[in-house]
Amino acid sequence: MAKIERTIEELYADDPERADAVAFGRKTGVDRRGFLGGAGLAAMGAAVGGSIPFAANMPGGLIPAAMAQDKPAAPAAAAPKGPTYLDFPGKDKGLVVIGEKPLVAETPEPLLDDDTTPTEKFFIRNNGQIPEPVKDADKWTIKIDGEVDKPMEIALGELKTKFTPVTQRMVLECGGNGRAFFTPQARGNQWTNGGVGCAEWTGVRVADVLKAAGVKPSAVFSGHYGADPHLSGDSARVAISRGVPIKKLMDENNLIVWQMNGKPLDNIHGGPVRLVIGGWPGSVSAKWLNRIWIRDKVHDGQGMGGTSYRVTVKPMVPGGKPDPENFKDLESMPVRSIITAPSDGTKIPAGTREVKLRGASWAGDHDVKQVDVSADYGATWHPAQVEKPKNKYDWQRWTATVKLPSDGYYEIWTRGTDSQGVAQPHVAGFWNPQGYGANPMHRVRVLVG
Ligand SMILES: Nc1nc2c(c(=O)[nH]1)N[C@H]1C(S)=C(S)[C@@H](COP(=O)(O)O)O[C@H]1N2
Ligand SMILES: [Mo]
């Protein structure tokens, strides 16, 4: 066997076509054999450090490598760059920075193992600058104007006493979560599965406040504004301003929030006050909220229109030129399931024949009907025990046990199915230029023995 110059993972990273050919003995996508065998199997076994009992089921086009990272065959200079971990006051050092300016950091799946995501572990997504924290939170004001009978400017202190506070656990997920799974690479922050968290939010219902303002029949859409300066510092420009149709806005679960996990909302998460709109891209949940503008037409703020937070109407050629007419807003987030324990790359003692799994699953506006797990590349699936959501827009924790026939290298896959019967695909489909809606199954790799 020729000497290995690159790990199979590196090869997949820079030349997936050739990597597949090496591993699966194929030249093009059409005439692939679809089986891992012979020299390919031996090379792969060597790369992962164990035999691969379910190799015959391994589909082409999926990166099988793994623990190969422990022993890079390439010189250090050529080795792939590792993640940059976040160093931010009050934040877990395990968060991974995926953007510096503006600051964006995701939460690796094992850090999402808590039923309720602790604030330290909650992902960060900014589009503009991070504003200075305010001293007197209760004096912060929010303007409600546009298509309402009684436009108002209400102080947070007043909001807290005039309306009834509620506490709910709800998922907040970035619209681009999963973007890194697209091929070719889509434009934007390369989220894997970590642009998500599920916290306990305390605030008042958006609907209660809007009923007090009196929404006019002419109301069509909302436009949300926050106090964060544009990245350029230009005060005429807005960092982000998105909105939702009035029907979605009036969902009683939407909150104007000043507490996260029982503590005053941190500045980095939009404190003193933000919106939390369940099930839809996180970008509609404005941080540092200072205005809800009720509009008589679809909002046209920063981050609306074009290909921003939008998916295709009819599928387009990946990497192709977008037709501006072919896009619609991404609304409900797609179903996703993640394995939060064990973590990817876990080594398990020889002789272990059962692995206990924990995870979470959520599906935008929908409930999760079912979560299945597989340890044989999807040949057989086993149902997980899925908990009920605490309230609408909560995620659902699940547990499962998978049986392994022998020592060796395995991939464990999880697949969520929503209440509409829509399940996660094997690979990210329906490519779009800014990379929304990628929700392929999550896979973790374990080595037994
Ligand atoms: N004012 C303001 N609100 C905002 C943003 C922003 O940049 N500015 N980012 C949005 C996006 S894209 C997401 S995914 C969530 C992230 O919230 P978090 O940083 O608290 O996790 O906030 C949303 N609200
Ligand atoms: Mo986002």
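Residue by residue, here is whether (1) closer than 25 Å to Ile240 by Cα; (2) among the aromatic types (Phe, Trp, Tyr); (3) surrounded by fewer than 18 Cβ atoms within 10 Å (Cβ to Cβ); (4) out of contact with any Lys or Arg (no Cβ under 7 Å at 6 or more places or on another chain) holds:
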site: Lys135; (1), (2), (3), (4): yes, no, yes, yes
site: Ile142; (1), (2), (3), (4): yes, no, no, no
site: Glu147; (1), (2), (3), (4): yes, no, no, no
site: Glu158; (1), (2), (3), (4): no, no, yes, yes
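Once the stretch 179-193 is narrowed to residues that are touching a strand residue (DSSP E or B) at 6+ places or on another chain (Cβ under 8 Å) and more than 12 Å from ligand 2 (Cβ to nearest atom), the residue that is nearest to Ala363 (Cα to Cα) is Asn193. For the stretch 198-213, the criterion of being assigned to a loop (DSSP other than H, G, I, E, B) and either over 30 Å from Phe181 (Cα atoms) or within 15 Å of ligand 1 (Cβ to nearest atom) (or both) is met by none of the residues. Does Trp293 satisfy being more than 16 Å from Ile144 (Cα to Cα), away from ligand 2 (no atom under 14 Å from the Cβ) and either crowded, with 23+ Cβ neighbours inside 10 Å or of a type in the set (Phe, Trp, Tyr) (or both)? Judged against the criteria, Trp293 is not a match.
Out of curiosity, is Ile268 touching a strand residue (DSSP E or B) at 6+ places or on another chain (Cβ under 7 Å) and more than 9 Å from ligand 1 (Cβ to nearest atom)? So Ile268 fails the test.
Considering (1) within 16 Å of ligand 2 (Cβ to nearest atom); (2) small (Gly, Ala, Ser); (3) surrounded by fewer than 18 Cβ atoms within 10 Å (Cβ to Cβ), the lone condition that Gly282 does not fulfil carries the number (3). With respect to (1) within 29 Å of Pro281 (Cα to Cα); (2) surrounded by fewer than 23 Cβ atoms within 10 Å (Cβ to Cβ), the lone exception for Lys356 is condition (1).
Every condition in (1) away from ligand 2 (no atom under 16 Å from the Cβ); (2) surrounded by fewer than 24 Cβ atoms within 10 Å (Cβ to Cβ); (3) in contact (Cβ under 8 Å) with a residue 24 or more places away in the chain holds for Gly203 except the one numbered (2). Pairs linking a residue in the stretch 294-317 that is closer than 20 Å to Leu210 by Cβ and outside any loop (DSSP other than H, G, I, E, B) to a residue that is within 16 Å of ligand 2 (Cβ to nearest atom) and modelled with pLDDT under 95, with Cβ atoms under 7 Å and 6 or more positions apart or on different chains, do not occur.
So in the stretch 128-158, with the set limited to residues that are in contact with a strand residue (DSSP E or B) (Cβ under 6 Å, 6 or more places away or on another chain) and in a loop (DSSP other than H, G, I, E, B), which one is nearest to ligand 1 (Cβ to nearest atom)? Ranking the candidates gives Gly128 first.
Of all residues in the stretch 262-287, those satisfying the criterion of being at positive phi and within 20 Å of the chain's Cα centre (by Cα) are Gly270, Gly279.
Within the stretch 104-127, the residues that satisfy the criterion of being within 9 Å of ligand 1 (Cβ to nearest atom) and either surrounded by fewer than 23 Cβ atoms within 10 Å (Cβ to Cβ) or of a type in the set (D, E, K, R) (or both) are Arg125, Asn126, Asn127.
Screening Ile240 on (1) near ligand 1 (Cβ under 9 Å from one of its atoms); (2) more than 15 Å from Thr119 (Cβ to Cβ); (3) in a strand (DSSP E or B) shows it passes everything except condition (3).
The values are calculated or read from the model by the stated rules, or taken from the named source; none is laboratory data. Predicted model only: the values in this text are computed from it and were never measured. Methodologically, a virtual Cβ is constructed for each residue, glycine included, from the backbone with ideal geometry; neighbour enumeration extends over all protein chains shown.
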